[in-house]
Amino acid sequence: MFGWLRRSPREPVSRLKDEVVCAALAEARLALRAGDRSGVDAAVAPLLADTVVHPEACHLAALAACSSSDFDRAVSLLEAATSKDPARIESWHTLGEIHLERRDGERAVTAFRGLLAHDPAYRPAHDRLLAALSLAGRHDEALETYQMHRALDWVFDPLANPAAALHAQGLLAEAIDLLRKRLSLDNTNARIWRYLGKTRHAQGHLDTAIACFREAVRADPHDPEARRGLAFALDSAGDVDDALEHYRIVTDLLPADPQRFSDYLSACIYRDRVSPDVAREAYGEYERRFGAPVAMPAPARPSRTGRRLRIGYVSGDFGEHAITYFFEPMLDRHDRERFEVVCYDRTPQQDGTGARLQAKADHWVRAHGVDWDSLAQKVRDDGIDVLVDLKGHFEDNHLPLFARKPAPVQVNWLGYPDTTGLRAIDAWFTDDVITADLSGQYASEQPVSLGPFFMTFRPREGAPEPVAPPVLERGFVTFGCFNSYPKVSPRMREAIAAILTLVPASRCVFTAVPGGSTRERLGDYFESAGIAQDRIEIRGRSSHDAFLRAHDDVDVTLDSFPYNGTTTALHSLWMGVPFVTLAGATHVSRVGASILANVGLAEAIAADEADYVARAAALAMDTGRLIELRRTLRDRLRQSVIMDERGFVQRFEAACERLFDDLR
């Protein structure tokens, strides 16, 4: 009798005919293109007054409102559009951009997550979500989200990955719950174990990630992505030898994939005491597999008479990345009367830093996703004289392009601290201190010194000023180890334990250490070496500003070996904190020595582990020296050849000219 009370209310019906709606929207689009806000408002007014919401009308009116900075009205309209049509991607995106413009990070996060919930593959929103999280002060969440996106190679396919939408939104806890539910139904599904492992890795829970990847490998020993995930997690946890075993297996599972072999080679540089013969064989195998089969004759070298030399740079890191500290000065200082600069940009999505770099180049070629043969032909057609690789064997590299020899002269520089192994690359730019002892180095390229230092450094503006050494207030010395954790080799851990034993009551702060059992194992190691746990402080990754401020807490930093720091070491000096390094006999193990030699701190360059311990202890216990260095190091670095941008670029240009002329 009263069944009508349970009926759903009727949906409102538009009072306007379809042809009227279509005509009004068409008129509004024309007015918007003409920049006529009043015309847009007049065209959509009947639609906005209708009994139903017209999402497209709301969107057009919002864009018109934005053009005159009427953001309150724009937000109201876009919220109405997305409420009526939650799959309306362009409205979510515009809404997120408005909140970013108004510095409202939390609401921007909500908008971009709303977008990605409906289209997880919408690439522009991935980077904007990271910006929104950072603006909201949710730095850990931003880092985890970035790591998740990177782990998935920015591929979000709900058919393959049931948690794709959650991964895209950075909702990792919810993704874990969903994946675990799937595993409760089928715990032998290698693919689901793999996605769970990637999620836990992104969160920094390496022990759990490793366990998940081992389950994936157990379920399917021939799944290369499971093996690769396991190798990467072990690598991140500092278990390099075990990681190398699995990286190597992946090269056999995917014998035609050059990046997977590069994963293996780039992990090898973290390993202690690799002989030149072993390196020659490993890099030689890369050349046989991926270099020689695609090798092509170098293009003819045209005369330089009456024209500029064309230098091409190739990178997938033209953006918010460490290479910007060293590469941006090149774009600013190149002599444009003698050199023409072309950048081949393989970054997946350009950010604000990338846009700034683009404005400084003569030509900018977006090359992400372009196949190697087509890109090689583009480089040839562009008439590049000297092509410079900024990536080496690191992830998503471009060595298959260089193997095709698209330029007469090809150079390995900046992005990778080892040889590429490719015969098609002619030179490896390095410096005088590094080339003074390369007795342990295999190089397929010709090492070419650029003089005192092999790059130039420009720190970000706005860095805090150095403060007094904390030993003055605390009464004990604090060391810092700020390198990425895989660089903290077993020999380095032994040296740090010896330093802490030698310097009474001293402490050591570690940063960038993954969570979970990795931190527990690090603490347990020092306890077994007789170092009380309260003398070891372990921190995770942080924002750049927090990283700089962490230098206020330490008196001396300890450079990693055999893989030295570069950006980390230079920032230590910039913050007034001296570091101690161990100089080896390879490029990767001599960078620290080169930095210190160029700021007049040869006293901090050690020849072996015992010398490293002794020099660190001596420096730490010389309080007067620490005070003086804290006061003067930033100026010493600023006045050194390391920050002589013009002088360095001139030496770089001269080297390119010599190579082009000599190799003709």
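The values are calculated or read from the model by the stated rules, or taken from the named source; none is laboratory data. Just so it is clear, the structure is predicted and the values come from calculations on it, not from any experiment. Quick reminder, even Gly has a Cβ in these numbers, built from the backbone with ideal geometry, and neighbours come from all protein chains shown. When the accessible area is computed, the model is the full protein with side chains, heavy atoms only, and any ligands, DNA or RNA have been set aside. Shrake-Rupley method; radii C 1.70, N 1.55, O 1.52, S 1.80 Å.
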Exercise. Note down, for the chain, the three equivalent ellipsoid semi-axes (square root of 5 times each alpha carbon gyration tensor eigenvalue), biggest first, whole angstrom.
Key: 46, 32, 27
Practice problem: Grab the Cα-Cα distance for M296 and R15, subtract it from 0.36 nm times how many residues apart they are, and report the gain in nm with one decimal. | Solution: 94.3 nm
Practice problem: Project the alpha carbons of the stretch 190-267 onto their principal axes and report the range along each, largest first, in whole Å. | Solution: 29, 25, 16
Quiz item: Using a probe of 1.4 angstrom, how much of the accessible area of the chain is carbon and sulfur, in percent?
Solution: 51 percent
Quiz item: Where does the chain land at 222 nm, in deg cm²/dmol rounded to the nearest 500, when only DSSP H runs of n ≥ 4 count, each adding -39500 (n - 2.57), divided by all residues?
Solution: -15500 deg cm²/dmol
Self-check item: Rounded accessible area per residue of the stretch 385-502, 1.4 Å, Å²
Solution: 29 Å²
Quiz item: With every protein chain in place, what's the accessible area of E19 (1.4 Å probe, Å², nearest 10)?
Solution: 120 Å²
Quiz item: If you stretched the chain out fully between E609 and A160, how much longer would it get, using 0.36 nm times the residue separation minus the C-alpha to C-alpha distance?
Solution: 156.7 nm
Quiz item: Using the beta-carbon distance between V467 and R625 and R0 = 22 Å, what value does 1/(1 + (r/R0)^6) give for FRET efficiency, to the nearest 0.05?
Solution: 0.85
Self-check item: Interchain or long-range residues, amide H under 5 Å from L387's placed H
Solution: G312, V409, Q410, V411
Quiz prompt | Given charges at beta-carbon only (K, R positive; D, E negative), |dipole| of the chain in Debye | solution = 720 debye
Practice problem: Could you run the Karplus curve 6.51 cos²θ - 1.76 cosθ + 1.60 with θ = phi - 60° over the stretch 298-310 and give me ³J(HN,Hα) per residue in whole Hz, x for Gly and Pro? | Solution: 5, x, 4, 8, x, 4, 8, 4, x, 9, 7, 6, 9
Quiz prompt | Gain upon complete extension [T305, E395; 0.36 nm per residue less C-alpha separation] | solution = 28.5 nm
Self-check item: Spin-label model distance (nm) - R180 vs E106, 7 Å beyond Cα toward Cβ
Solution: 2.8 nm
Quiz item: How do C58, C268 rank by accessible surface area computed with a 1.4 Å probe, from largest to smallest?
Solution: C268, C58
Exercise. With a Förster radius of 35 Å, plug the Cβ-Cβ distance of T567 and D119 into 1/(1 + (r/R0)^6) and report the FRET value to the nearest 0.05.
Key: 0.50
